[in-house]
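The values are calculated or read from the model by the stated rules, or taken from the named source; none is laboratory data. Please read all numbers here as calculations on a predicted model, not as lab measurements. Virtual Cβ from ideal backbone geometry, glycine too; neighbours counted across all protein chains shown.
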Amino acid sequence: MAALHPQVVHFTIVLVIIGVAFRIVSLLSRPAFASPAATTLLLLAAISSVVSARSGVAAHGPVERAPGARPAVMEHEEWGERTQTALLVIGAIELVGLAMRRSQRLKVVHTLAAAAGLVGVFCVYEAGEHGGELVYGYAGGVGIRSGDPRDVERLLLAGYYHQALADRAAGRSEQAAALLSAAVVRFPSDPEVRMLAAESLLRDQKNAQGALDALASLHVPADNRFMAFQRAMLQADAYEALGQKAAAIAALEPLLKTFPNPRLQQRVDALKR
């Protein structure tokens, strides 16, 4: 059930928001379908909230064991429980409305449901906001949801990449270079990782010749236009750093003929000037 948490949660969010919108519209007594639509959606949201909460509890174990993630997990779980309670209360009010569908006080019940629904929407927002913080701020569940080891490897690679960029931006060139070197050791056959390492030789270690040597040994797939563009630009930068502008132009012109590109043309023109 843990693996289903993202899907079920999004169903719950949609059901409650649209259901509450229909319930508010139904207070105007038209269109006629608004009230039964609201009841159906809000009852489904109440049921869905139970599945969402249980799947979230099933998913939190491995996530909260990650260093530093436990407070974020607990806060998200608390808001999930509040949301479940709120939606069950709304569902109960809607059931009362069904039982009183011929009563003159039905509009009072529906008004109460609409008010409770707004509280429910707020709870859904808070649970979603804390869930987003858990996923995007702490990588909660990222890489482990499917049980596929390759997902964890992709998570590790993303960590290498983003931390290296952060280190470079902060002026910690040695740390950035160390991370990307470690990435190459971990993923030696990945051409994109080797491209990043070659770029690091140029940007972080100021080793233009080393970058050229690394790029020369790099095989770029014939159908990968982005990597071909990236390699040519890096080669041009490395040649320019060595003071070899003619070689930089020679690295770019074949690519310009194959893949006409304004940015590439501007780079060639700047080198020629």
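What's the total number of residues in the stretch 160-176 that are more than 22 Å from PHE229 (Cα to Cα), in contact with a helix residue (DSSP H, G or I) (Cβ under 7 Å, 6 or more places away or on another chain) and either among the aliphatic types (A, V, I, L, M) or not in a helix (DSSP H, G or I) (or both)?
1
Go through the stretch 193-231 residue by residue and tally those that are touching a helix residue (DSSP H, G or I) at 6+ places or on another chain (Cβ under 7 Å) and assigned to a helix (DSSP H, G or I).
Number satisfying all stated conditions: 22.
Anything in the stretch 240-255 that is touching a helix residue (DSSP H, G or I) at 6+ places or on another chain (Cβ under 6 Å) and within 16 Å of ARG273 (Cβ to Cβ)? List them, or say none.
Hits for the stretch 240-255 are GLU240, LYS245, ALA248, ILE249, LEU252.
Could you grab me the full set of residues in the stretch 61-102 that are closer than 14 Å to VAL9 by Cα and of a type outside the set (D, E, K, R)?
Of everything in the stretch 61-102, those that are closer than 14 Å to VAL9 by Cα and of a type outside the set (D, E, K, R) turn out to be HIS76, TRP79, GLY80, THR83, GLN84, LEU87.
Determine whether the stretch 11-29 contains at least one residue that is of a type outside the set (A, V, I, L, M, F, W, C), buried (at least 17 other Cβ atoms within 10 Å of the Cβ), within 28 Å of the chain's Cα centre (by Cα) and assigned by TED's automatic domain parsing to the domain that holds LEU134.
Going through the stretch 11-29, the residues of a type outside the set (A, V, I, L, M, F, W, C) turn out to be 12, 19, 23, 26, 29.
Subset that is buried (at least 17 other Cβ atoms within 10 Å of the Cβ): 12, 19, 23, 26.
Subsequent filtering for residues that are within 28 Å of the chain's Cα centre (by Cα) retains 12, 19.
Going one step further and asking which of them are assigned by TED's automatic domain parsing to the domain that holds LEU134, we end up with 12, 19.
Scanning the stretch 11-29, I find at least one residue that is of a type outside the set (A, V, I, L, M, F, W, C), buried (at least 17 other Cβ atoms within 10 Å of the Cβ), within 28 Å of the chain's Cα centre (by Cα) and assigned by TED's automatic domain parsing to the domain that holds LEU134, so the answer is yes.
Would you call GLU75 in contact (Cβ under 8 Å) with a residue 60 or more places away in the chain, over 28 Å from ALA34 (Cα atoms), of a type in the set (D, E, K, R) and outside the structural domain of LEU196 (by TED's automatic domain parsing)?
Working: in contact (Cβ under 8 Å) with a residue 60 or more places away in the chain: no; over 28 Å from ALA34 (Cα atoms): yes; of a type in the set (D, E, K, R): yes; outside the structural domain of LEU196 (by TED's automatic domain parsing): yes.
No: the conditions fail for GLU75.
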